[in-house]
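Engineer: Handing you this structure, nothing more for now.
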Number of protein chains: 2
Amino acid sequence: MSFSEKLSDRIAVTGSNLCVGLDPRAEQIDGDLHTFCMQVIEETAPFAAAFKPNIAYFEAYGAAGYQVLEDLLQQIPDEVPVVLDVKRSDIPETQKYYAKSYFENWSVDAVTINSYLGFDSIEPFLQYEDRGVYLLGITSNPGAQDMELRDLEGRLAFEHVQDMAHKSSSYPGDAGLVVGLTNVTSEILAKVSDVPLLVPGLGAQGGNLEDLQVAGRQAPLLINASRSILYGEPDKGFAAKAEAARDKIVAAING
Amino acid sequence: MSFSEKLSDRIAVTGSNLCVGLDPRAEQIDGDLHTFCMQVIEETAPFAAAFKPNIAYFEAYGAAGYQVLEDLLQQIPDEVPVVLDVKRSDIPETQKYYAKSYFENWSVDAVTINSYLGFDSIEPFLQYEDRGVYLLGITSNPGAQDMELRDLEGRLAFEHVQDMAHKSSSYPGDAGLVVGLTNVTSEILAKVSDVPLLVPGLGAQGGNLEDLQVAGRQAPLLINASRSILYGEPDKGFAAKAEAARDKIVAAING
C-alpha cells in the first residue's frame, strides 16, 4: 500500500485531516520529554490523521532527545501514519543515508525534504515504494518571498518544486508538497495541483483553504496543528484540543 | 574572535586549506564508529584547517550514532575549527532550536545551511557572534542545474543566496558559501564574491580553482576531502593521506 493510500484510508476512518505536530519545547513542558510526548500521542491519536514530530525540537535536547525520538517512533500506534519533519537536503550519495535512517531504521511513513538541491537529491527517498516525501513548496514564514515565490524562468520557484513532485509519479514512492496559507494570494494557491498536501496550519482567518479548492482534490490533505494542542488552553486536555482542531479543520474544508 | 578570524588563523598556522570531512560509512569501517573517527581526527589534525562531520552518516547509525557524534565533538582539539555539515532548513522559530543544538549544546564553530526558505530562516544562526554559517550556493551534484543555476529574476538563483551572505555582514555571525567546482563554467565561478568559501572537493582536473581567483581573496577558503582520506589507498595511513591532500590543495591554489 502506498503512503497516499495509507493516509487516505486513515483520513476516511477518522474523518480527520488533522496532523498533530510534535514540537516539544523544553521550556514549555512539565516533566520529562518522553512522558509528555507519549501523553500527547495517546490522547490525541483518535483524532489524528497523522503525527508529525519535528526533529529539531528533539535534537535541541542533545543525544538524549534523539534517543527519546527513536523510542517514541516505536510506540506510535501503527495505524497512524508518521510524517517525520526533517526538511533534509544533501547530495544524492548523502541523502541515501538519511533515507536509510528514516525509512529503514525508524520506518516512518513520510518525511519532509528541502529539494533546492534538485531532483536527484530526492531520488534516494523515492526508491521506497510504501513511503512518501513532502517537498517544501511554500513555507509559512515571511522569507518565502525571498526565493520560493519569485519568478524562476517564467514561473514561481515553488512551481518548479511542484514539477519535481509530478516527476516523482514514475518512482515507487509518493511525493507531495508543503503549502503554507500565510503570505500567499488566491492566484498563487490556484497554481497548487492535486498532489498530497501538508499545510502547516490554518491561516489567521482560515479562509484561504477555499483557494486550494479542496473539495475537488483526490490526493490526501493534511493540516497541521501543534502549538494550539500542545501548549494552548492549559485547562483543557490534549484530547479535547485535538478534537476541537479536527472539527475546526472539517468546518474549514467544508467552507 | 569571529569564525572567519579563527579559521584564517588556523589556515595560517597549518599552511593548510584542507577541511577533513568525516563521513563514516558503516559498510566501509573496520571496528566501531567512535574508534574509527577518533583515529582519523588524531592522525589528520596536524594537516587539518578544519573538520567537517556530516551528520547524515552519524544519524544512519540511529540514536547510538548521534551519541558518538556528541562525544566526538567534545574530543576534537579546540584549535581545529569544526564545521558541522547539517544543511538544515526550517522556519525561523524552529531554526532557533537547531542553532541552540549546534552552537550552544555542541559548541561547533560553523554549520552548513540550506537557505531556500529565505533570509529570516538563517537569522537565528547569525545571532552568535563567534560562529559562522555556510549557505548552500552551488552544490556538486548534477541537480544543481534544477534550481541553483537557473535564472531567478535576472540573476542565477545562487547569486540570491550569495546576497544573503552579504546581508549577513550586519549581524554578529559570519556567513559564507558552499561552492562546488563540478558542473560550473568559468563565467559562473567569476560571479562568486569574496566571502568564506567551503568547496566540497577539487574538480576532476583541479583546474577550476583558478576560476575562483583564490589569490586575491581575503576571506578564508576551505577545500574538503573526505573519501580519499577515509577510504582511499588502504595501505597508507590517515596522516599520510591528509598530508598529500593538503599538498595537492596548496599546489592547486598556487596554480
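Engineer: Checking the conditions here, which among A:Phe103, A:Phe119 is among the hydrophobic types (A, V, I, L, M, F, W, C) and closer than 22 Å to A:Tyr66 by Cβ?
Structural biologist: Checking each option against the conditions leaves just A:Phe103.
Engineer: Please state which one of A:Pro92, A:Pro77 is on the phi < 0 side of the Ramachandran plot and within 8 Å of chain B (Cβ to nearest Cβ).
Structural biologist: Every option except A:Pro92 fails the conditions.
Engineer: Now for a different question. Counting only residues that are hydroxyl-bearing (Ser, Thr, Tyr) and either within 11 Å of B:Tyr98 (Cα to Cα) or within 14 Å of another protein chain (Cβ to nearest Cβ) (or both), how many does the range A:40-62 have?
Structural biologist: 2
Engineer: A further question follows. Would the range A:24-42 turn up any residue that is within 23 Å of A:Arg131 (Cβ to Cβ) and either among the polar types (S, T, N, Q) or in contact with a Cys (Cβ under 7 Å, 6 or more places away or on another chain) (or both)?
Structural biologist: No, the range A:24-42 has no match at all.
Engineer: Could you tell me whether any residue of the range B:201-221 is closer than 21 Å to A:Gln95 by Cα, under 17 Å from the mean Cα position of the chain (by Cα) and buried (at least 23 other Cβ atoms within 10 Å of the Cβ)?
Structural biologist: no
Engineer: Could you please let me know if B:Arg131 is at pLDDT 95 or above, touching a helix residue (DSSP H, G or I) at 6+ places or on another chain (Cβ under 7 Å) and charged (D, E, K, R)?
Structural biologist: Taking the combined requirement at face value, the residue satisfies it.
Engineer: In addition: Kindly indicate which of B:Lys241, B:Lys191 is of a type in the set (Lys, Arg) and more than 24 Å from B:Ser4 (Cβ to Cβ).
Structural biologist: After applying the criteria, what remains is B:Lys241.
Engineer: Can you tell me which residue among A:Ala144, A:Ala225 is within 14 Å of chain B (Cβ to nearest Cβ), out of contact with any Ser or Thr (no Cβ under 7 Å at 6 or more places or on another chain) and buried (at least 24 other Cβ atoms within 10 Å of the Cβ)?
Structural biologist: A:Ala144
Engineer: Further question on the same structure: Inspect the range A:217-233 for any residue being farther than 21 Å from A:Tyr134 by Cβ and out of contact with any Lys or Arg (no Cβ under 9 Å at 6 or more places or on another chain) and give the result as yes or no.
Structural biologist: No, because not a single residue in the range A:217-233 is farther than 21 Å from A:Tyr134 by Cβ and out of contact with any Lys or Arg (no Cβ under 9 Å at 6 or more places or on another chain).
Engineer: State yes or no: is A:Lys100 surrounded by fewer than 23 Cβ atoms within 10 Å (Cβ to Cβ) and not aromatic (Phe, Trp, Tyr)?
Structural biologist: Yes: the conditions hold for A:Lys100.
Engineer: Same structure again: Determine which member of the set B:Ser89, B:Ser107, B:Ser101, B:Ser140 is at pLDDT below 95, under 26 Å from B:Pro24 (Cα atoms) and not acidic (Asp, Glu).
Structural biologist: B:Ser140
Engineer: Restricting attention to the range B:125-139, does a residue exist that is assigned to a helix (DSSP H, G or I) and either β-branched (Val, Ile, Thr) or surrounded by fewer than 19 Cβ atoms within 10 Å (Cβ to Cβ) (or both)?
Structural biologist: No, because not a single residue in the range B:125-139 is assigned to a helix (DSSP H, G or I) and either β-branched (Val, Ile, Thr) or surrounded by fewer than 19 Cβ atoms within 10 Å (Cβ to Cβ) (or both).
Engineer: Follow-up question, since we're still on this one. Quick check: is even one residue across the range B:97-114 within 13 Å of chain A (Cβ to nearest Cβ), basic (Lys, Arg) and over 22 Å from B:Lys6 (Cβ atoms)?
Structural biologist: no
Engineer: Can you tell me how many residues in the range B:149-159 are surrounded by 23 or more Cβ atoms within 10 Å (Cβ to Cβ) and free of Cβ contacts under 8 Å to residues at least 12 places away in the same chain?
Structural biologist: Within the range B:149-159, residues that are surrounded by 23 or more Cβ atoms within 10 Å (Cβ to Cβ) and free of Cβ contacts under 8 Å to residues at least 12 places away in the same chain number 1.
Engineer: Could you run through the range B:1-16 and say how many residues are buried (at least 23 other Cβ atoms within 10 Å of the Cβ) and either over 16 Å from the mean Cα position of the chain (by Cα) or of a type outside the set (A, V, I, L, M) (or both)?
Structural biologist: Residues flagged as buried (at least 23 other Cβ atoms within 10 Å of the Cβ) and either over 16 Å from the mean Cα position of the chain (by Cα) or of a type outside the set (A, V, I, L, M) (or both) within the range B:1-16 amount to 2.
Every residue, every condition in (1) buried (at least 23 other Cβ atoms within 10 Å of the Cβ); (2) touching a residue at least 60 places away in the same chain (Cβ under 8 Å); (3) not polar (S, T, N, Q), yes or no:
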| position | (1), (2), (3) |
| --- | --- |
| A:Thr44 | yes, yes, no |
| A:Phe58 | yes, no, yes |
| A:Leu69 | yes, no, yes |
| A:Ile76 | no, no, yes |
| A:Pro92 | no, no, yes |
| A:Trp106 | no, no, yes |
| A:Val111 | yes, no, yes |
| A:Asn114 | yes, no, no |
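Engineer: From (1) in contact (Cβ under 8 Å) with a residue 24 or more places away in the chain; (2) more than 9 Å from chain B (Cβ to nearest Cβ), pick out the condition that doesn't hold for A:Glu187.
Structural biologist: All conditions are met except number (1).
Engineer: Which residue pairs have Cβ atoms under 9 Å apart, sit 6 or more places apart or on different chains, and have a first residue in the range B:228-255 that is closer than 16 Å to B:Phe36 by Cα and a second that is polar (S, T, N, Q) and surrounded by 16 or more Cβ atoms within 10 Å (Cβ to Cβ)?
Structural biologist: Filtered contacts from the range B:228-255: B:Ile229/B:Thr44; B:Phe238/B:Thr44; B:Ala239/B:Thr44; B:Lys241/B:Thr44; B:Lys241/B:Ser228; B:Ala242/B:Ser16; B:Ala242/B:Thr44.
The values are calculated or read from the model by the stated rules, or taken from the named source; none is laboratory data. Quick caveat, the model's predicted, so the values are computed rather than measured. Don't worry about glycine lacking a Cβ; one is built from the backbone with ideal geometry, like all the others, and counts go over all protein chains shown.
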